[in-house]
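Participant: After the structure tokens below, expect a handful of questions from me.
The values are calculated or read from the model by the stated rules, or taken from the named source; none is laboratory data. Keep in mind that what you see is a predicted model, and the values were worked out from it rather than measured. Cβ placement follows ideal geometry from the backbone for every residue including glycine, while neighbour counts extend to all protein chains displayed.
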Amino acid sequence: MLFKKLHEWDLTPKEAMRLQEKMRGLVLPEDDFGRIRIVAGVDASYCRSEKITTAGVAVLTFPELELVETVTATEPTTFPYVPGLLSFREMPALLAALELVAAEPDLVIVDGQGLAHPRGFGIACHVGVVLDKPTIGCAKSRLIGDYAQPGPERGDSSPLVIGSQRVGSVLRTKSHVRPLFVSPGHRIGFESADRMILECTRGYRLPEPSRLAHEVVSRAAGILVRKA
């Protein structure tokens, strides 16, 4: 998969924050896509002992959610852990994995935040702008924003807001199970992001592309740890 090289990755945290402020203006938080036939989930894991990040991609058909392919890539981790700057730590490995994908996705679901970010430019926005593809941030925990607890049933949701501005949704993907934090990354709006996450979910809390990407990364990272 081809992507734009919009900047270098060897930045300081202050430089990275300034870049996020600048690139936020490139994000399109509304629907700008055609028919979705292929969906990808991406995830990454950091190995502290080896100082490497392993990224994985699971590619599925949509709406059938049949697995097409999985790929992994490992890159040295050079950026420190700083809340709100996850993309600068994980994206070199994520992009290396995405380069290996044969079946180009129409939509990418990223394990992390999109608009629900202190500077409105979470990792899902970053991935979307670099790939120029519709992306959704689908996180297991809240980074920023306020919300009312959604109802207990699958499909129940409540807006995630910063002040009066909506930045995402708190979405129940499985009845009586903790909700997910869903926010647009790029080229998709709030309602479509929620709908796609629900349509990609099959009995688990996580949508299938994310769940399978996590499994792929866990296996690959586990092998690396055992070899070390």
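Participant: So, in the stretch 50-69, exactly how many residues are in contact (Cβ under 8 Å) with a residue 40 or more places away in the chain and surrounded by fewer than 22 Cβ atoms within 10 Å (Cβ to Cβ)? Walk me through how you get there before you give the answer.
Facilitator: Taking the stretch 50-69 as the starting set, the residues that turn out to be in contact (Cβ under 8 Å) with a residue 40 or more places away in the chain are 50, 52-60, 62-63, 65, 67.
Restricting the remaining residues to those that are surrounded by fewer than 22 Cβ atoms within 10 Å (Cβ to Cβ) gives 50, 52, 62-63, 65, 67.
Number of matching residues: 6.
Participant: Give me the residue from the stretch 19-38 that is of a type in the set (Val, Ile, Thr) and in contact with an Asp or Glu (Cβ under 7 Å, 6 or more places away or on another chain) and, out of that set, nearest to HIS186 (Cα to Cα).
Facilitator: Pass one, the stretch 19-38, residues of a type in the set (Val, Ile, Thr): 27, 36, 38.
Next, only the ones that are in contact with an Asp or Glu (Cβ under 7 Å, 6 or more places away or on another chain) stay: 36, 38.
Numbers: ILE36: 15, ILE38: 17 Å.
By that ranking, first place goes to ILE36.
Participant: Go through the stretch 94-131 and count every residue that is part of a loop (DSSP other than H, G, I, E, B) and out of contact with any strand residue (DSSP E or B) (no Cβ under 8 Å at 6 or more places or on another chain). Working first, answer last.
Facilitator: Kept after step one, since they are part of a loop (DSSP other than H, G, I, E, B), are these residues of the stretch 94-131: 99-106, 111-122.
Now restrict to residues that are out of contact with any strand residue (DSSP E or B) (no Cβ under 8 Å at 6 or more places or on another chain): 118-119, 121.
Summing the residues that are part of a loop (DSSP other than H, G, I, E, B) and out of contact with any strand residue (DSSP E or B) (no Cβ under 8 Å at 6 or more places or on another chain) in the stretch 94-131 gives 3.
Participant: A follow-up question, please. Give me the residue from the stretch 150-183 that is β-branched (Val, Ile, Thr) and touching an Asp or Glu at 6+ places or on another chain (Cβ under 7 Å) and, out of that set, surrounded by the fewest Cβ atoms within 10 Å (Cβ to Cβ). Working first, answer last.
Facilitator: Filtering the stretch 150-183 for residues β-branched (Val, Ile, Thr) gives 161-162, 167, 170, 173, 177, 182.
Add one more test, that the residue is touching an Asp or Glu at 6+ places or on another chain (Cβ under 7 Å), and what stays is 161, 182.
Details: VAL161: 15, VAL182: 28.
Checking each candidate, the answer is VAL161.
Participant: Within the stretch 60-104, count every residue that is touching a Ser or Thr at 6+ places or on another chain (Cβ under 7 Å) and hydrophobic (A, V, I, L, M, F, W, C).
Facilitator: Of all residues in the stretch 60-104, those touching a Ser or Thr at 6+ places or on another chain (Cβ under 7 Å) come to 68, 72, 74-75, 77, 89-90, 93, 97.
Cutting the leftovers down to hydrophobic (A, V, I, L, M, F, W, C) gives us 68, 93, 97.
Of the residues in that region, 3 qualify.
Participant: Still on this structure: So, in the stretch 136-170, how many residues would count as being aliphatic (A, V, I, L, M), over 23 Å from ARG35 (Cβ atoms) and in a strand (DSSP E or B)?
Facilitator: At the first step, the residues of the stretch 136-170 found to be aliphatic (A, V, I, L, M) are 136, 139, 143-144, 148, 160-162, 167, 170.
Checking the rest, the ones that are also over 23 Å from ARG35 (Cβ atoms) come to 139, 143-144, 148, 160-162, 167, 170.
Next, only the ones that are in a strand (DSSP E or B) stay: 139, 160-162, 167, 170.
Total satisfying the criteria: 6.
Participant: So, one more: List, please: which pairs have Cβ atoms under 8 Å, are six or more places apart or on different chains, and start with a residue in the stretch 10-23 that is touching a residue at least 12 places away in the same chain (Cβ under 8 Å) and end with one that is basic (Lys, Arg) and surrounded by 13 or more Cβ atoms within 10 Å (Cβ to Cβ)?
Facilitator: Filtered contacts from the stretch 10-23: MET17/ARG119; GLN20/ARG119; GLU21/ARG119.
Participant: Read through the list (1) at pLDDT 95 or above; (2) closer than 22 Å to ARG142 by Cα; (3) outside any helix (DSSP H, G or I), then give the number of the only condition that PRO83 fails.
Facilitator: So the condition that PRO83 fails would be (1).
Participant: Select, from GLU15, GLU50, the only residue that is charged (D, E, K, R) and in a loop (DSSP other than H, G, I, E, B). Steps first, please.
Facilitator: Values: GLU15 fails: in a loop (DSSP other than H, G, I, E, B).
Every option except GLU50 fails the conditions.
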